[in-house]
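The values are calculated or read from the model by the stated rules, or taken from the named source; none is laboratory data. Please read these numbers as outputs of a predicted model, since none were measured by experiment. Virtual Cβ from ideal backbone geometry, glycine too; neighbours counted across all protein chains shown. Accessible surface areas use protein heavy atoms only, side chains included; no ligands, DNA or RNA. Shrake-Rupley method; radii C 1.70, N 1.55, O 1.52, S 1.80 Å.
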Amino acid sequence: MTDRRRGSGSKGLIIGIIVIIALGLFMIVPTYNRLAGSRENVNQAYAQVQNVVQRRADLIPNLVSTVKGYTDHENETLTAVTNARAGIQNAKGPEELAEANDQLTRAIGDINVVVEAYPELKADTQFVQLMDELAGTENRISTERKNYNEAVGEYNKDIRRFPTNIIAKFTGYDPAEYFKADAAAQDAPKVDFGN
């Protein structure tokens, strides 16, 4: 009879362990999947920020070429714009991208100073179109930064909630970094055609 009790006690213990493991998996798997989806939303939103910032950077060579056609001695300004564009392409992470974007914004602002010295440049159709596209891209960048920060906010809130925070810690989900831009970078560069 003792063997029977041991046998049924062992079975009960094994069944209990299986039930606990099943309940644990029942709670962990959906939470892990939700975290994975939330993190992917952050990655997707960041990729879109990179996309619109890159679009802005891609407009720069045309702008530099147009300005170069009218100026002979503004190489310092044009070099600064080109270097700032390279910074965007080499940025790793939201902080570096924000810094590179700020530098590009300042460099584009310097082009406005050049424009003041060359009135015929203000009348160039290609230049005007490029500056309009840059202004539109600035609006897109602002929108995408907002979308990214919203995705980061949701994700970060999720990984800090109990019991998700325990699962996040053990599965390697760390808080995401917000896209923080310089206060001056929040405004689109001023485009003044002398009007």
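Quick rundown of the values:
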item	result
Any hit, region 45-53, residues being without any contact (Cβ under 8 Å) to a residue 24 or more places away in the chain, polar (S, T, N, Q) and open to solvent by 10 Å² or more (accessible area, probe 1.4 Å)	no
Among the residues listed as ALA168, ALA84, the single one being of a type in the set (A, V, I, L, M, F, W, C) and over 30 Å from PHE26 (Cα atoms)	ALA84
Every pair of residues 6+ apart whose Cβ atoms lie under 8 Å, when the first sits in region 17-30 and is under 20 Å from THR171 (Cα atoms) while the second is of a type outside the set (Asp, Glu)	MET27/PRO163; ILE28/ILE167
Pick from region 141-195, criterion farther than 25 Å from MET131 by Cβ and basic (Lys, Arg), ranking: modelled with the lowest pLDDT	LYS180
Unmet requirement for ILE60, which otherwise passes all of (1) open to solvent by less than 40 Å² (accessible area, probe 1.4 Å); (2) within 30 Å of GLY37 (Cβ to Cβ)	(2)
Members of region 63-75 that are closer than 18 Å to VAL113 by Cβ, open to solvent by 50 Å² or more (accessible area, probe 1.4 Å) and in a helix (DSSP H, G or I)	LYS68, GLY69, TYR70, ASN75
Which listed residue, of LEU97, LEU78, is within 30 Å of GLU177 (Cα to Cα) and either at pLDDT 85 or above or open to solvent by less than 20 Å² (accessible area, probe 1.4 Å) (or both)	LEU97
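Listed here are the residues, each with its yes/no results for (1) in contact with a Lys or Arg (Cβ under 8 Å, 6 or more places away or on another chain); (2) open to solvent by less than 20 Å² (accessible area, probe 1.4 Å); (3) in a helix (DSSP H, G or I); (4) under 19 Å from GLN50 (Cα atoms).
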| position | (1), (2), (3), (4) |
| --- | --- |
| LYS92 | no, no, no, yes |
| VAL114 | no, yes, yes, no |
| LEU130 | no, yes, yes, no |
| GLU138 | yes, yes, yes, yes |
| ARG145 | no, yes, yes, yes |
| ILE159 | no, yes, yes, no |
